[in-house]
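Below is one structure, written out as structure tokens, with a few remarks after it.
The values are calculated or read from the model by the stated rules, or taken from the named source; none is laboratory data. Computed from a predicted model, the values in this text were never measured in an experiment. FYI the Cβ positions are ideal-geometry reconstructions off the backbone, even for glycines, and counts take in every protein chain you see. When the accessible area is computed, the model is the full protein with side chains, heavy atoms only, and any ligands, DNA or RNA have been set aside. Shrake-Rupley method; radii C 1.70, N 1.55, O 1.52, S 1.80 Å.
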Amino acid sequence: MAQERKNSVEMQDKPDGGCLSPADEEREPCLKKAPSDQTEKNNGTVAAPPPPSADNNNGTATSNGKFHAFAAATSLEQKLRDKTGFSRTGLAVAVAALLTCVVLFVALVVLIFLWPSPPRHFPICRRAACLRASAEVLPKINFTQQPCENFREYSCGGWLQTNDLPAYMSSWSLKKRIQQDQKIKIRNMVVTLRNVASSTSLNWKMKHFYESCMNLDNIETDEGKPLKKIISTILGGWHVLKDFDVHAWDVTKTIVQLHSKYSVSPFFKIDVVPDDKVSGQNIIQISPAGLGLPDRRYYYRQQDNKIVTAYKQYMVDVSQLLGATSGDASIFSNDMFHYEKRIAEITPASKQEDPYNSHRRFKLSKLKEIAGMIPLLDILQSKFPESNISDDTFISVVSPTYFSNLSNLISSSDRSGLNDYFMWKMAEAYVPYLSVKFREIVKIYTAELTGEKDLPPRWEICVSLLQKFMGFGITASLEPNIENKSGVVAVVKDVFENIKDSIITNVNKNNDLGSELRDHVINKLESLTVQIGLPDNMLEENYVNQFYNQLPIQKLDFFQNVNYAISFVKEYSQFKLKSKKEEYGWLDDLVSEDPKVTYNVASNKVIVPLSLLSPPYFETGYPEALLYGGLGVEISSAILSSVYPPGVAHGSDGVLLQAHSAAVNRSIGATLEARTCFGQFLKDQQVEFANNTVLTAMLSVSSVRFALQSLSKIKQIEPYYHQPAMETYEYDALFFIGYAQSLCTIKSPQQQDLDTMYNLMSDESLLLKTISEHSESFKNAFNCMGKPTKTCKYIY
């Protein structure tokens, strides 16, 4: 009914003839009356129009004559209109509103992501040590670099920009800074020692040795006379100085005196080392030596090479200062370089890492058969007079082939050539102890060799000599004065035990090792101990004074005091050979001028010098992330050295295992895949490398891995307190930064060249690149998502 009323109203509004009013005609055209001939009558009625076809909205006249102004609707539009009941205009408005909502939603999402987040509230470490740690770490970082791209520049860039290489050093680093601070402590201690009446006390000897070294007036007055006197009156003269009788000169006597009395090492050096066949016993070891340049490869460089030229000129200058003519000195220099080159040709290319092939245990009688021209029995009897050396004495020989070839070289050398070589070795060893004229020519040569442009301050030279000849006494004097020593030792022991436990856990989980190797490794690790500083009994005054009882010192006679000190070192070697005391196996590592964490095979101990545990490298209150990133990685490396080649080949008692034992064979197999993988990585870096470089890379990556793993276990138990001003750094990122900054180093090009000859991984850029590319933890710490992680199989 409603529809009929609506239609009726519409019809009433329309003018006659069915047309719209003129005003509405623009909206809807007039409907004209159909022609009479198109009307069909059926029983007197008009036929109904056909239903609208699908074409009645196409903008053309339909069968009923109706005409639509809008464009044709699509099937989608028609469906939407049918479903919603909206007119076409209403549907357009709805779509526009929907699009507006979508745009507003997208804008809201963008704003949510881009809107600055409110500051996060971290637990912050407020201890003074944490503030000092941040003050050390932050200035070293270069924030313009990305850690994922160049981690060395990121971690060390700020430090590299603000530190210069000291003129008298060839390298400068965090460790060098610690050494420098230690030297200052030693100087302050020695110069403030009270006057002691007894010349047998260590304090008296240290004080007067140092004062004689600082007394330059006597040294300058003597010039080269003390050395020349020894050469002329004791060693039989020097051919180049024209005070040499070729027929009267005794070759055997001279080489014996050089080795035994003056600790000069022509052709080879003599050491006392742990015997890897008998637990708790030491043995004499002889090894190749006698080159003037640091490495045999220098002798194969071009003759106009700067270092080769500088070395030849050095020989000329020394011989001239001692009295040679310019022409004779020049001839001597060229002849000596070529003679040393002959020695270089028979010198082994590199140190063997395989303990079964690196040295052999021989009776002296056997060595006589292969190297008859070397009077080794005479030398050793003179050097160790209380040790009953005989033809039946066993010694350790590094590279027996070298000594066989050396015997042939000596037999083919004329006496004048041998004399020149022996006397040059003597002069080379003692020139640094002479007057400023000699020290200046040392400086010129060293500048080309290592890049050190100047001599160190005199006080520093004298302190270094004290450390060289009285290292144990110096350490024993300083250690009792270390602040909070017990706390320092406790922290280091905790780090050691945590890392050792992590390694043991991983070894127990590794099913690929085989039971023999796993049992051997676990046994070594469980029996491994740590020695932090000197034991208490060695700090007692009576013990120390007795140790240096055989060292006489004279007031103000520096050259004579050096000779006394060299003789004392010889006596110490003899005492080590006879003694079965364990501490003499690791004492030298503990009191070294260059402190580092090491592994001692004979005692199965990790050795940690207390002189290393100083700010900014170590402090008891430092955050664990920095402690584990610095000292922790060093300790991890030392622990792993006990079970990595070559240490794994020794039992916990220091004795070498049988070469064909199951544990040894398994250890070789366990490293093969890792060696190949790391070797390929180094090839990809386009660097030349040896087996020891690959082993160092493997050890370095594993050391970082286990130190971080130990730290992570701690952080699962203890809350992590962020560093002040470094709140956004989590502990793993701080760990890697601490590790990298412990390696920050500036080197002269010459020193870099020299270091990489011995160990390619001494280049911290390559080392850090190796670590970062083989550590998934590193990439997670710094969100490095670009490059895939290199995956080399770990041994353990």
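Numbers for the structure displayed
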read-out: Among the residues listed as Asp250, Asp276, Asp271, the single one being modelled with pLDDT under 95 and either charged (D, E, K, R) or open to solvent by less than 20 Å² (accessible area, probe 1.4 Å) (or both); value: Asp276
read-out: Within region 515-574, tally of residues that are aliphatic (A, V, I, L, M) and closer than 25 Å to Met470 by Cβ; value: 12
read-out: Filtered residue count, region 167-212, keeping only those that are of a type in the set (S, T, N, Q) and outside any loop (DSSP other than H, G, I, E, B); value: 8
read-out: Matching entry among Val633, Val648 (being buried (at least 24 other Cβ atoms within 10 Å of the Cβ), modelled with pLDDT under 95, touching a helix residue (DSSP H, G or I) at 6+ places or on another chain (Cβ under 7 Å) and not in a strand (DSSP E or B)); value: Val648
read-out: Of residues in region 717-741 being of a type in the set (Ser, Thr, Tyr) and open to solvent by 40 Å² or more (accessible area, probe 1.4 Å), the one nearest to Leu131 (Cα to Cα); value: Tyr721
read-out: Every pair of residues 6+ apart whose Cβ atoms lie under 7 Å, when the first sits in region 294-315 and is part of a helix (DSSP H, G or I) while the second is open to solvent by less than 30 Å² (accessible area, probe 1.4 Å) and of a type in the set (S, T, N, Q); value: Arg296/Thr347; Lys312/Ser333; Met315/Ser333
read-out: Residue check, Ser333 at pLDDT 95 or above and either over 40 Å from the mean Cα position of the chain (by Cα) or assigned to a helix (DSSP H, G or I) (or both); value: yes
read-out: Where Ser279 falls short, out of the listed (1) part of a helix (DSSP H, G or I); (2) of a type outside the set (A, V, I, L, M, F, W, C); (3) out of contact with any Phe, Trp or Tyr (no Cβ under 7 Å at 6 or more places or on another chain); value: (1)
read-out: For Ser365: the one exception among (1) touching a residue at least 24 places away in the same chain (Cβ under 8 Å); (2) crowded, with 17+ Cβ neighbours inside 10 Å; (3) more than 32 Å from the chain's Cα centre (by Cα); (4) in a helix (DSSP H, G or I); value: (2)
read-out: Criterion violated by Met757 - all others in (1) in a helix (DSSP H, G or I); (2) within 14 Å of the chain's Cα centre (by Cα) satisfied; value: (2)
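Table: residues versus (1) assigned to a loop (DSSP other than H, G, I, E, B); (2) open to solvent by 30 Å² or more (accessible area, probe 1.4 Å); (3) charged (D, E, K, R).
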position: Val694; (1), (2), (3): no, no, no
position: Arg705; (1), (2), (3): no, yes, yes
position: Leu708; (1), (2), (3): no, no, no
position: Leu743; (1), (2), (3): yes, yes, no
position: Asp753; (1), (2), (3): no, yes, yes
